[in-house]
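Data first, discussion second: the structure below is written as C-alpha cells.
Quick note: the coordinates plus some simple rules give every number you see, no bench work behind them. These numbers come from a predicted model, not from an experiment. Note that we place each Cβ from the backbone using ideal geometry, even for glycine, and neighbour counts take in every protein chain shown.
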C-alpha cells in the first residue's frame, strides 16, 4: 500500500474512532435515556480545549513570541490531558444538566440546549483570553511524538492504536451501562418518566447520570481529535455539528451501540470526512454545503421511513431457568 | 396484619389549588390495613388529585399525609414508592419499547446493578438476583395469564393487556399500599371481572389498597371501607350500607 493510501486510511480510521466514541456518548444520552442534547458538540469542544491547553504549556505573552492566549496552560504528559478532558466534559455536563435536566421536560430541554450551544460558541469566540477567540488554538504537540522515533506514517498508525485503545475503554463504559439493570432503568425513564418515578426510580438522578456520562465521553472524543489534528477553533464545533451526530445515531439505530457504530461509519465518516479527500467540483464551498443538505435529508428520511434505524434497539429476551446464559439477545 | 387495625395511611386536612380552583379542599380520611378502600365521588371531586398527592406526584398546598405513622407529606414520587406506596395510572403508562418482562423487571425495588458502580462490578454481581426476578416476573405473568406476551413490546399490547401489565408492574414493586386509579377503566366486561377477581385475591393475601372506581357495584363487592369525596372534601366515610343512607352522598351524586 502506498504511503498516501496509508495516510488516507489511517486518517479516516482516527476520525472514525472519534466519531464512534461521540456517537456512543450521544446514544447514551439520546438513544438510551431520551435526553435531547442539542448542545452535544460543546462537550466535545470543552474536552478538546482542555486537552489542547494542558498539552500546549503555559501561554506566553506576545512580547515573548506567544501568538495565542488562553487560560491555565500546562505541559501534562499523555494520557493525562485526555483524562482531564473527560473530567471537564463531565463537569460541564453536571453543571448544564443541574440546571436543565433537573427543571425542564424534553422539548424545552432541547431548545435550551440549542441556546446553550450558541452561547458557548459566542463566549469562546469573543472572550479572547479564554481559548484564543476566533483563531482558536494551534500547534498542539502530538502525544508521544518526541518519545518514539517513528516515521510520519508510523506515527499515524501509532495514533490509530491510541485511538482504538481509548475507544475500547469508552466502549466498556457504555457497555456496562447499557447491558445492566441500570440501562434497563434508563430506557424505562426514557419511555415514561412518571411511571418510572412511581416505581421508585430517581428520575432526575438517572437522567443526570446519563447526561454526565455522555459529557465525559464527548470530552474524551474531542481530546483525541485535537491531539490528532493539533488545532481547535470555534469553527470546529458550530451547532450543526451536533446534528451530524444526531443523524448518525438516528440512521444507525438509537439505543443500539452496534447500530450507532454503523451510523458513525455511514454519516460523519462516509459523508463528511471521506468526502474531504474527493476532488472539488462546482463553485468553491459547494461540496461543504451539499454535505449539510445530505445530512439533513438523511435524518428526515430515516425519521419518516425507518425511525428505528438500520440496526434497531435489541429486544431483550430471557431464557427459561433451566438454561444458563442470560440474557440472549436477538434482533427485534 | 395486626389485629389492631391502626390505619396504614392517614390524610389530614389536605388542600390543593390549581390557579384558584380548590381541587382538594380540606380532605381527611384514613386507609385501614389489609383491605381495599374505595375512593368514590362525582367527576371533579378531587379523587385523582388526592391520589396524586399521596403518591407524591403533586405537592399539597396544605395538609399532611402520614404513612405507617410517619409524616411523608410532599415527598417526591420515587421516595414514596421506596416506602412501599406504589400507584397505577388511569391512562396506561407502560414502558412502550421494553418487553412485558422487562417492564416487570424494572419495577423490582433495590435491584443490583442499577447504579453505575454496581453495573461496573459486572454481570456476576447482578445476574443471580436478576435471574430470581425473572422467575418472579414469570410467576406473575402466569397468574395474570400473560405468559404468552413475555417478549412482546409493551407498546404493542391491547388496552386491556396494558391494564393487566399496569397491575402486575405495581405488584412487582412489592407495594405495602397499592393506589389504583380506575384499574378497570376502558376494559371489556369480561376482563373487568378478571381484574376484579385478581384484586379480591390480592386483598385476601393481605395487600392494602386504595382504589378510585366509578362503578359502584364493583366498589360494593370489593371495598369494606369507602371514602366519598365531593367538591374537594370528604363528605362520608364508612361501609356501603352507611354511605347509602347518607343524604349528603345522595345529593352529591344527584347534583354532581
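Here are some notes:
- If you model the range A:1-151 as an ellipsoid using its alpha carbon gyration tensor, with each semi-axis the square root of five times an eigenvalue, the axes come out at 30, 23, 13 Å, biggest first.
- GNM result for chain B, Cα springs below 10 Å: residue of B:120, B:57, B:97 fluctuating most strongly: B:120
- By the count of other C-beta atoms within 10 Å, a proxy for reagent exposure, B:80, A:111, A:208 are ordered fewest to most as A:111, A:208, B:80.
- Here is the size of chain B from its Cα atoms: Rg then Dmax, 18.9, 63 Å.
- Antiparallel %, DSSP beta bridges [both residues in the protein assembly as shown], to 5: 60
- Structural size metrics of chain A, computed from C-alpha coordinates, are Rg and Dmax of 20.4, 76 Å.
- For the range A:231-314, average projected area of the Cα convex hull in nm²: 6.2
- The range A:88-205: radius of gyration and largest Cα-Cα distance (Dmax), Å: 20.5, 60
- 222 nm mean residue ellipticity, helices alone, for chain A (DSSP H n ≥ 4; -39,500 (n - 2.57); rounded to 500): -20500 deg cm²/dmol
- As an equivalent ellipsoid, the protein assembly as shown spans semi-axes of 55, 25, 21 angstrom, where each value is the square root of five times an eigenvalue of the C-alpha gyration tensor, largest first.
- Rounded to two decimals, the Cα-based Rg/Rh of the range A:1-63, with Kirkwood Rh, is 1.16.
- Between helix A:40-56 and chain A: long-axis angle, C-alpha atoms, 0 to 90°, nearest 10: 40
- Taking the square roots of five times each eigenvalue of the Cα gyration tensor of the range B:95-182, the equivalent ellipsoid has semi-axes of 24, 15, 12 Å, listed largest first.
- Values of log10 I(q)/I(0), in the order q = 0.11, 0.21, 0.22 Å⁻¹, for the range B:127-256 under a Debye, Cα-only, solvent-free model: -0.48, -1.29, -1.37
- Binning the alpha carbon pair distances of the range B:79-142 at 5 angstrom intervals from zero yields the distribution 4, 15, 20, 23, 24, 11, 3, 1, expressed in whole percent.
- Helix axis angle, A:203-229 relative to chain A longest principal axis, alpha carbon, degrees: 30
- Rounded if a/c under 1.5, otherwise prolate or oblate - the range A:181-264, Cα gyration tensor axes: prolate
- Dimensions of the range B:44-166 based on its C-alpha atoms, expressed as ranges along the principal axes with the largest first, amount to 46, 37, 23 Å.
- DSSP bridge analysis restricted to chain B gives an antiparallel fraction near 55%, rounded to the nearest 5.
- Cα gyration tensor shape for the range B:1-59, rounded if a/c is under 1.5, else prolate or oblate: prolate
- Chain B: calculated mean residue ellipticity at 222 nm from DSSP helix runs of at least 4, using -39500 (n - 2.57): -11500 deg cm²/dmol
- Three-way shape call for the range B:145-189 based on the alpha-carbon gyration tensor, with the a/c threshold at 1.5: oblate
- Normalised alpha carbon radius of gyration of the range B:1-110 [divisor 2.2 N^0.38 Å]: 1.17
- The angle between the Cα long axis of helix A:106-126 and the main principal axis of chain A comes to about 10°, on a 0 to 90 degree scale.
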